Amino acid sequence: MTDRIEIIDTTLRDGQQCIWAMNMRTGWMLPALEELDGAGFEAMEFYVPVVQIKKMIRDLNEDPFQWLRLGTARATQTPLRLHGGYRSGLGRVPECISRLLLKTVVDAGITTGRISDPWNDFANLKDEHDEMRKMGMESVVNIIYTVSPRHTAAYFIERTRDAAALRPYRLCLKDVGGLLTPESLREILPGMIAAAGDIPIELHLHCNNGLATYNVQEAAALGLRHIHTSLPPVADGLSLPSTLDVFHNLRARGYDVPLDEPRMRRVSEHLFGLAQREGLPVSRPLAYDETIYTHQIPGGMTSSLEFQLEKVGMGGRMGLIKEEVAQMRAEFGYPIMITPMAQYIGTQAAVNVITGARYKQVTDEIIEYTLGLWGREAVEHMDPNVRDRILDRPRAREIAARAAPPEPSLAELRRALGGTLTDEELIVRSYVDEAALARFRNTPPVVEEPIGRSPLVSLIAGLANLSAHESVSVRKGDVSVALSRS
């Protein structure tokens, strides 16, 4: 077996999603992308439209398709990847729109995507995998790691065999909760590699338990040769291991890791400078925390829950909610705490704690879960007493009785929405709302911030594009700059 380790970069996707809540602007990312493109990565995770479309339009006043077009044009050496397929989990978007979005991504030149089923149910994932292949996109299929009495080594080996039967481009052991330990890797990974046969397995693991950077070393020793990492300051913490640390650690053990360290450091310094200027967090390694194994709430969801609790005057209840989540996981058959299950369980746990009565009030999504609309394993493994309690209410009977509306065709949607929207406008209208169209149509041009350029020069370049003003003056200390339109 070769001693060469290939690294898949996630800095501009999962790194920034975990640490900066997708607040990187296109003008910041494009110069970083050019440096990363020449750094020797095997691939780069690049686009997560289900999240970025809404985020970039609403919060950043940017066109998410500019990032797609400009980014794919800049990356000439390293393959870019989509995160997700056309079935997003939480989305209520018509499938014809999701397929249109996938076609747009393929047309831009991205031909690999990483996809999941939230129950590791690969019979359920088969249609999406096969259809994506017909549309021109190969899949990296996630096998999602979790810890529970029924998620044994035999379970993961069986699910690996099921996933490999799809004949995807790659498999990926995905530890979004940061739960893997060296011991668990030694227990499950050799059997998974054997079950995968000739299909390589990638490793995507988060740092929640403080062990991920070392786990990379253990995985490499066990035979994995494709590792996902991110660059500081959006590495470690709730993100992925630092590429710089992984690079040095693997090389110290004698592995060939073909990366350009000076290029990586230039990107990292660029991002540190942005963090300092914009007040964005700088992630740090976390200490080991045994409690994450009971509730398994993803890191980004923890911060959102804490924020919402503060808003309703219950900021001190997070500990109780974590305990409730742990109890609910057992009652609900140990769902894997990723989208959408983590959101459903976490929200209902908060309702239970806030109301002071378990399942007195339940969300529609929990009713749908209990009815089996979010996966067959939900019904197979759920506590029957809890199931009966949730379904014994008028709202549950109403949801159970209603028929799912037929999926509209793309032509029907176009007619319903006026018939004059471009493909991109139709996607925005469906994924966000009608109000977002005006913002989308009037997004300003991208202002790039080249690596190494001074903040003052960047500020002037940005002000020069503010066409809404006749003149703009800026003073910083003894320096004064005035811009005016002729």
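The values are calculated or read from the model by the stated rules, or taken from the named source; none is laboratory data. Here the structure is a predicted model, which means the values were calculated and not measured. Because the Cβ atoms are built from the backbone with ideal geometry, glycine has one as well, and the counts that use them run over all protein chains shown.
Hey, does region 332-350 have a residue that's over 25 Å from Arg376 (Cβ atoms) and either acidic (Asp, Glu) or assigned to a helix (DSSP H, G or I) (or both)? Steps first, answer last, please.
Start the filter on region 332-350 by keeping residues that are over 25 Å from Arg376 (Cβ atoms), which leaves 350.
If we keep only those that are either acidic (Asp, Glu) or assigned to a helix (DSSP H, G or I) (or both) too, we end up with 350.
Yes, the conditions are met somewhere in region 332-350.
Among the residues of region 118-127, is there at least one that is outside any helix (DSSP H, G or I) and either modelled with pLDDT of 95 or more or surrounded by fewer than 21 Cβ atoms within 10 Å (Cβ to Cβ) (or both)? Break it down into steps so the answer makes sense when it comes.
Of the residues in region 118-127, the ones outside any helix (DSSP H, G or I) are 118-121.
Adding the requirement that they be either modelled with pLDDT of 95 or more or surrounded by fewer than 21 Cβ atoms within 10 Å (Cβ to Cβ) (or both) leaves 120-121.
So far as region 118-127 goes, yes, one or more of its residues are outside any helix (DSSP H, G or I) and either modelled with pLDDT of 95 or more or surrounded by fewer than 21 Cβ atoms within 10 Å (Cβ to Cβ) (or both).
Quick check: anything in region 51-67 out of contact with any helix residue (DSSP H, G or I) (no Cβ under 9 Å at 6 or more places or on another chain) and of a type in the set (A, V, I, L, M, F, W, C)?
Kept after step one, since they are out of contact with any helix residue (DSSP H, G or I) (no Cβ under 9 Å at 6 or more places or on another chain), are these residues of region 51-67: 59.
Keeping just the survivors that are of a type in the set (A, V, I, L, M, F, W, C) gives none.
Checked against the condition, which is being out of contact with any helix residue (DSSP H, G or I) (no Cβ under 9 Å at 6 or more places or on another chain) and of a type in the set (A, V, I, L, M, F, W, C), region 51-67 yields no hits at all.
Tell me which of these Asp121 doesn't satisfy, since it passes every other one: (1) over 15 Å from Val48 (Cα atoms); (2) free of Cβ contacts under 8 Å to residues at least 24 places away in the same chain; (3) under 20 Å from the mean Cα position of the chain (by Cα).
The one condition Asp121 does not meet is (2).
Quickly run through region 364-423 and pick out the residues that are in contact with a Pro (Cβ under 8 Å, 6 or more places away or on another chain), assigned to a loop (DSSP other than H, G, I, E, B) and at pLDDT 90 or above.
Pro408
Which condition does Ile5 not pass, out of (1) out of contact with any Phe, Trp or Tyr (no Cβ under 7 Å at 6 or more places or on another chain); (2) over 25 Å from Pro445 (Cβ atoms), if it passes all the others?
Only one criterion in (1) out of contact with any Phe, Trp or Tyr (no Cβ under 7 Å at 6 or more places or on another chain); (2) over 25 Å from Pro445 (Cβ atoms) is unmet by Ile5, namely (1).
Which one is nearest to Pro340 (Cα to Cα), of the residues in region 263-302 that are outside any helix (DSSP H, G or I) and either in contact with a Lys or Arg (Cβ under 9 Å, 6 or more places away or on another chain) or free of Cβ contacts under 8 Å to residues at least 40 places away in the same chain (or both)?
Here the answer is Ile297.
So which residues in region 29-55 are in contact (Cβ under 8 Å) with a residue 40 or more places away in the chain and under 28 Å from Leu426 (Cβ atoms), if there are any at all? Working first, answer last.
Step one: of region 29-55, the residues in contact (Cβ under 8 Å) with a residue 40 or more places away in the chain are 29-43, 45-47, 49-50, 53-54.
Selection gives Met29, Leu30, Leu33, Glu45, Phe46, Tyr47, Pro49, Val50, Ile53, Lys54.
Is there a residue being out of contact with any Ser or Thr (no Cβ under 6 Å at 6 or more places or on another chain), surrounded by 15 or more Cβ atoms within 10 Å (Cβ to Cβ), within 21 Å of Ser148 (Cα to Cα) and not assigned by TED's automatic domain parsing to the domain that holds Gly210 anywhere in region 354-369?
Yes: one or more hits.
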